[in-house]
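Presented below is the structure to which this report refers.
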Amino acid sequence: MQNLKFDKIAGILKSHFIAGEEYAKSNVIKSVSIDSRTIADVASCLFFAIKGVRNDGHLYMEELYAKGVRNFVISNPDFDLSKFTDACCLLVPDSLTALQQLAAWIRNQFTYPVLGITGSNGKTIVKEWLYELLQDDMSIIRSPKSFNSQVGVPLSVLNMTEKFDLAIFEAGISHPDEMGKLTNVIAPTIGLITNIGDAHQENFKDKAEKADEKLRLFELCEMIIYPKDHELIHQRIQLKYKKKSPQLFSWSFVDSEANLHIRLEQKGNCSILKFISLGEEKQVEIPFTDEAGIENACQCIAFMVATKLLNEKVLSRFSKLQPIAMRLEMKEGINNCSLINDYYNSDINSLEIALQFLNSQSITRKQSQTLILSDIRQSGYTAGELARVVVRLAKTYRIDRLICIGDELWKHQALFPTGVEFYRNTTDFLRSFRPSDFNQEHILLKGARDFKFERIATLLQKKYHQTQLEINLNALIDNLNKYKALLKPETKIMVMVKAFSYGSGTIEIARALEFQKVDYLAVAVADEGIELRQAGIETPIIVMNPEEHSFEIMLEYRLEPNIYSTELYHQFDLAAKRMAVYAFPIHLKIETGMHRLGFSSEEELKMIAQQIPENGRLRIKSVFSHLAASDDKIHDEFTKRQHDRFIKLSEGIVRLQPEPVFRHILNSAGIERFANFQMEMVRLGIGLYGVSQSPAIQAETVARWTTVISQVKDVSIGETIGYNRKGQADQARKVAIIPVGYADGYDRRLGNGTGKVWINGQKYPVIGNICMDMTMIDVTGTNINAGDQVELMGENIHLEQLSEWMGTIPYEILTGISQRVRRIYIQE
């Protein structure tokens, strides 16, 4: 968004300030948000408090104010602003309308072509393919993902600036009288309609009414592009626009009188599209044979022929087009189940695709198939029709067990066969959930986002085990506060939750840290960050080891990458360009002596520091390095040299950035021993989990690893215990068997008397080799029995002691505890 003074925005919206008018002339607005979770720069963001059916932005204003947001547009005249002492607050009749008005004003500042795309299906694909085909020839701004709603469209248009040559925005509607609002926002000079299908049909009396509503988008257009073979579209366009000024450009497979006649030929797994452009025969090859893929490609051809943007280079790019991938995640579930999570989309088409994938998995594993399905929003069917479609699909794809969640499905139980389970909402399902009800099944979770099926997924993915890791959240928070006490109040804290939060459980630890208002969380790979986002974690997350294949999903889930090389920078910048994002935060890693990942070249750093503000897609949120030996006094001089080099290299980057940049080099030991190096941020890792270097900290034990004795038996003199007969009974012995082994992370190095456990107030040695799932303990001369608790690590068998026995470091032990070990969280 272009920078605007808040008082200028007030003039555009023709509204008045009810608080902070004295700040309006100095408050520069650089971004707009309607979601408290998406605000990156609180100082220059304008928050529109939109009241919707399920949410009210006014409810989040106090939280945003506490975070530093000072600019608000509200529509509730009775909102209590007494706590917002230095906030600048604009009152409007309707916040959503105001957002659209601001976007419309922004749109009118620019004269380059704007393509508006509407239709029932294919809008996003056509938009993304046009971008892929034309991006090398011109600068294009487009809607991020499928931002085509009453809110998504203005948020897209607000990103228009003078640097673009073409804008592509998609517009979707679900009710009458919606498109007129979007028409004013987009004001397209060129219009393209893809098709008219069943989506949202329940809100219109017939398809003609829906087509007319969609065609309102083109009222200001100079040209309208449409598929003539769609008879309804052709009829309504002729009726509405034939006698008006727009140029009508039609394309067709069957009508040679259309402006563009396309001939289709099949070639193996590809399709050949032949047509005449500017008097010459042209053809493109596309890697699709399905009807939708072919039609979407033709829409792209029609646009480029109509606008004279087609050239040989563009023609060659058609063969590289790729479908938009479906996200289907298959994970190991409880009780030998497998779980397919697909609660991102809620429509009939994506349901059928997911069912196809479910079938493909069941063929090989021969397990029964379970579908857990929510109400499907905006299907185009009446509730009764939808129920019949679901029944048909369940039968077609051999669903053995169907669980329906939602009011609409509940109301139409009579249309389903006997044996189907129904719940009014997800909470009702969770109340009745028993792990034993699911066994040896392939389970597909298919739900609309607002049903929050991730809560079901969490239960179905959970693994139960007698061996458990008890996490004391109070101790964790106490450790956090001990490190905070060594820092200045303004110093920010990034907490490492990678590797399953050092074995402690990522989601639960992240939730506790978010409640404590830590500034950043750090994970190793994108999957860890996605899991946190899907669990509802909104704290900023940095991915320390990003991989190119995950860049687009990182952008979607707001996961910020550690950029450590020029190649990685260019790859991520390209992904940001594809995803049409702006000012996305990244973090630069500098090499100062660790000789792992990081930039070593001042020239490379300078190049990136100069480029980022110029293109606007990315912004440097932080620059950092890693101390190699901050916990070892004999290397203190080396640590100081690392710090000095970091200061030198980071200054050149920070100086060139228009926004503040955080610098950080301290890890847990660094915070304890070199607090004067803290700068704007620090990174807390192993110290949080109970391992400290300084007596001043005395970090508390956070994790307690326990199990129970499965069996106790007597072993006669001369017998052996365990594999390879390593355990020798040189006298009559009593042996306790515990259900934990190296598959749980209890390392084989602890075998044969090296390791010890704590039972009933005393330490007992391991006897024999440790097995995959079992370990034997010598409890000779005791009255220990099956069912007694055993401490493997905790207050009596300290983590540091365990690591000494193994000849390793605490990190390896914590991160090596298997995820099949159940995590239990305790908080007083």
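The values are calculated or read from the model by the stated rules, or taken from the named source; none is laboratory data. The model shown is predicted, which means the values in this text are computed figures rather than measured ones. Here the Cβ is made from the backbone with ideal geometry for all residues, glycine too, and neighbour counts use every protein chain on show. Note: accessible area is taken over every heavy atom of the protein model, side chains too, but ligands, DNA and RNA are not part of it. Shrake-Rupley method; radii C 1.70, N 1.55, O 1.52, S 1.80 Å.
For Tyr112, enumerate residues with amide H under 5 Å from its amide H, sequence gap 5+ or separate chain, H modeled in the peptide plane.
For Tyr112, no residues qualify.
So what's the angle, to the nearest 10 degrees on a 0 to 90 scale, between helix 231-241 and the longest Cα principal axis of the chain?
Relative to the chain, helix 231-241 is tipped by roughly 60 degrees.
Arrange the peptides 173-182, 527-536, 728-737 so that the one whose residues have, on average, the most other Cβ atoms within 10 Å appears first.
Numbers: 173-182: 18.2, 527-536: 19.9, 728-737: 16.6.
Most protected by this proxy first, the peptides run 527-536, 173-182, 728-737.
Rounded to whole Hz and in sequence order, give me ³J(HN,Hα) for the stretch 643-653 from the Karplus expression 6.51 cos²θ - 1.76 cosθ + 1.60, θ = phi - 60°, writing x for Gly and Pro.
After applying 6.51 cos²θ - 1.76 cosθ + 1.60, I find 4, 4, 5, 4, 4, 4, 6, 6, 4, x, 6 Hz.
Set the Förster radius R0 to 60 Å, insert the Cβ-Cβ distance between Glu719 and Glu63 as r into 1/(1 + (r/R0)^6), and round the FRET efficiency to 0.05.
Numbers: r = 66 Å, r/R0 = 1.10.
Taking R0 as 60 Å, the efficiency between Glu719 and Glu63 is 0.35.
Work out the length of the dipole vector of the chain about its Cα centre, built from +1 on the beta-carbon of each Lys and Arg and -1 on the beta-carbon of each Asp and Glu, and round it to the nearest 20 debye. Intermediate values should be presented prior to the final figure.
Numbers: 96 positive and 103 negative charges, 59 e Å.
About 280 debye.
Under 5 Å between amide hydrogens, which residues at least 5 positions from Phe422 or on another chain qualify, with H placed 1.01 Å from N in the peptide plane?
Cys404
May I ask you to give the solvent-accessible area per residue for the stretch 72-191, in square angstrom, as obtained with a 1.4 angstrom probe?
Numbers: 3980 Å² over 120 residues.
About 33 Å² of surface per residue is accessible.
When the Cα centres of the stretch 735-789 and the stretch 287-312 are compared, how far apart do they sit, in Å?
68
What percentage of the solvent-accessible surface of the stretch 508-553, computed with a 1.4 Å probe over protein heavy atoms, is contributed by carbon and sulfur atoms?
On the way: 880 of 1770 Å².
Of the solvent-accessible surface of the stretch 508-553, carbon and sulfur hold 50 percent.
The stretch 706-814: which GluC sites (Glu not before Pro) are DSSP loop and have at most 15 other beta-carbon atoms within 10 angstrom? List each step's numbers first, then the result.
On the way: sites: Glu719, Glu791, Glu795, Glu800, Glu804, Glu812; in loops: Glu719, Glu795.
When the GluC sites (Glu not before Pro) of the stretch 706-814 are filtered for loop state and at most 15 Cβ neighbours within 10 Å, Glu719, Glu795 remain.
To the nearest 10 degrees, how steeply does helix 383-396 sit against the main Cα axis of the chain, on a 0 to 90 scale?
Here the helix axis deviates by roughly 60 degrees.
Over the stretch 1-147, what percent of the accessible surface lies on carbon and sulfur atoms, probe 1.4 Å?
Whole-percent figure for carbon plus sulfur exposure: 49.
Which GluC sites (Glu not before Pro) in the stretch 450-499 pass both tests, a DSSP loop state and at most 13 other beta-carbon atoms within 10 Å? Walk me through the numbers before you get to the answer.
Numbers: sites: Glu454, Glu470, Glu490; in loops: Glu490.
Qualifying residues, ordered by number: Glu490.
Give the lysines reachable from Lys240 as a straight Cα distance under 18 Å; neighbours fewer than 8 places away on the same chain don't count.
Hits, sequence-local ones excluded: Lys207, Lys210, Lys214, Lys228.
For the stretch 697-828, report the accessible area per residue in Å² (1.4 Å probe, heavy atoms, rounded to an integer). List each step's numbers first, then the result.
Details: 6340 Å² over 132 residues.
Accessible area per residue, the stretch 697-828: 48 Å².
If amide H atoms are built 1.01 Å from N in the plane of the peptide, which residues on other chains or at least 5 residues away come under 5 Å of the amide H of Ser692?
Under 5 Å from the amide H of Ser692: Ala699.
Measure off 7 Å from each Cα along the Cα-to-Cβ vector at Asp177 and Glu312, then give the distance between these two points in nanometres to one decimal.
5.6
Would you work out which of Leu90, Asn108, Asn76 lies farthest towards the positive end of the dipole of the stretch 30-147, given +1 charges on the beta-carbon of Lys and Arg and -1 on that of Asp and Glu, about the Cα centre?
Of the options given, the answer is Asn108.
Can you tell me which of 608-615, 414-421 comes out highest on packing, and rank the rest after it, using the mean Cβ neighbours within 10 Å? Please report the intermediate quantities before stating the final value.
Values: 608-615: 15.9, 414-421: 12.2.
Highest-to-lowest ranking by the protection proxy: 608-615, 414-421.
Among the aspartates and glutamates, select those whose C-alpha is under 15 Å from the C-alpha of Lys267, and discard any that sit fewer than 8 residues away in the same chain.
Qualifying aspartates and glutamates at Cα under 15 Å: Glu285, Asp290, Glu291.
Using +1 at the Cβ of each Lys and Arg and -1 at the Cβ of each Asp and Glu in the stretch 670-769, identify which of Ser694, Tyr742, Phe674 lies farthest towards the dipole's positive end.
Selected residue: Tyr742.
Please get the size of the charge dipole for the stretch 383-469, origin at its Cα centre, with Cβ charges of +1 on Lys and Arg and -1 on Asp and Glu, quoted in debye to the nearest 20. It would help to have the intermediate numbers written out before the result.
Values: 15 positive and 10 negative charges, 29 e Å.
Here the size comes out at about 140 debye.
Given the rule -39500 (n - 2.57) for each run of at least 4 DSSP H residues, summed and divided by the residues of the chain, what is its mean residue ellipticity at 222 nm, to the nearest 500 deg cm²/dmol? Display every interim value, and only then the final one.
Numbers: 26 runs with 259 residues, N = 828.
Result for the chain: -9000 deg cm²/dmol, rounded to the nearest 500.
Pop out the carbon and sulfur fraction of the accessible area of the stretch 201-315 as a percent, whole number, probe 1.4 Å.
Reported share for carbon and sulfur atoms: 47 percent.
Rg to Rh ratio, the stretch 177-254, alpha-carbon atoms and Kirkwood radius?
Details: Rg = 12.1 Å, Rh = 12.8 Å.
Result for the stretch 177-254 is an Rg/Rh of 0.95.
Considering all alpha-carbon pairs of the stretch 13-157, what whole percent are spaced by more than 17 angstrom?
Numbers: 6747 of 10440 pairs.
Summing the P(r) of the stretch 13-157 above 17 Å gives 65 percent of all pairs.
Using only Cα atoms and rounding to the nearest 10 degrees, what angle (0 to 90) does helix 123-134 make with the longest principal axis of the chain?
Taking Cα atoms only, the helix is inclined about 90 degrees.
Find, to one decimal place in angstroms, the Kirkwood hydrodynamic radius of the stretch 440-545, where the mean of 1/r is taken over every pair of different Cα atoms and then inverted. Before the final figure, lay out each step's value.
On the way: mean 1/r = 0.0646 Å⁻¹.
The Cα-based Kirkwood calculation yields 15.5 Å.
Once Lys and Arg get +1 and Asp and Glu get -1 on their Cβ, which of Phe17, Ser432, Ser120 lies farthest toward the positive end of the dipole of the chain?
Looking along the dipole axis, the top candidate is Ser120.
Output the peptides 289-299, 437-447 sorted from most to least packed, where packing is the average of other Cβ atoms within 10 Å over each peptide's residues. Please list the in-between numbers first.
On the way: 289-299: 18.5, 437-447: 20.5.
Result, highest mean Cβ count within 10 Å first: 437-447, 289-299.
Can you tell me the accessible area per residue over the stretch 214-287, all protein chains present, probe 1.4 angstrom, in square angstrom? Spell out each step's value before the answer.
Details: 4110 Å² over 74 residues.
Value for the stretch 214-287: 56 Å² per residue.
For the pairs Lys482/Lys606; Lys5/Lys51; Lys25/Lys67, note any where the Cα-Cα span goes beyond 27 Å. Before the final figure, lay out the partial values.
Numbers: Lys482/Lys606 38 Å; Lys5/Lys51 25 Å; Lys25/Lys67 22 Å.
Correct reply: Lys482/Lys606.
Given 20 °C and 1.002 mPa s, compute D for the chain with the Stokes-Einstein relation, Rh being the Kirkwood radius over Cα pairs; round to the nearest whole µm²/s.
On the way: Rh = 30.5 Å.
Rounded to a whole number, D works out at 70 µm²/s.
Which of the aspartates and glutamates could be linked to Lys517 by a straight reach, that is with a Cα gap under 12 Å, when you skip same-chain ones fewer than 8 residues away?
Cross-link targets: Glu63, Glu538.
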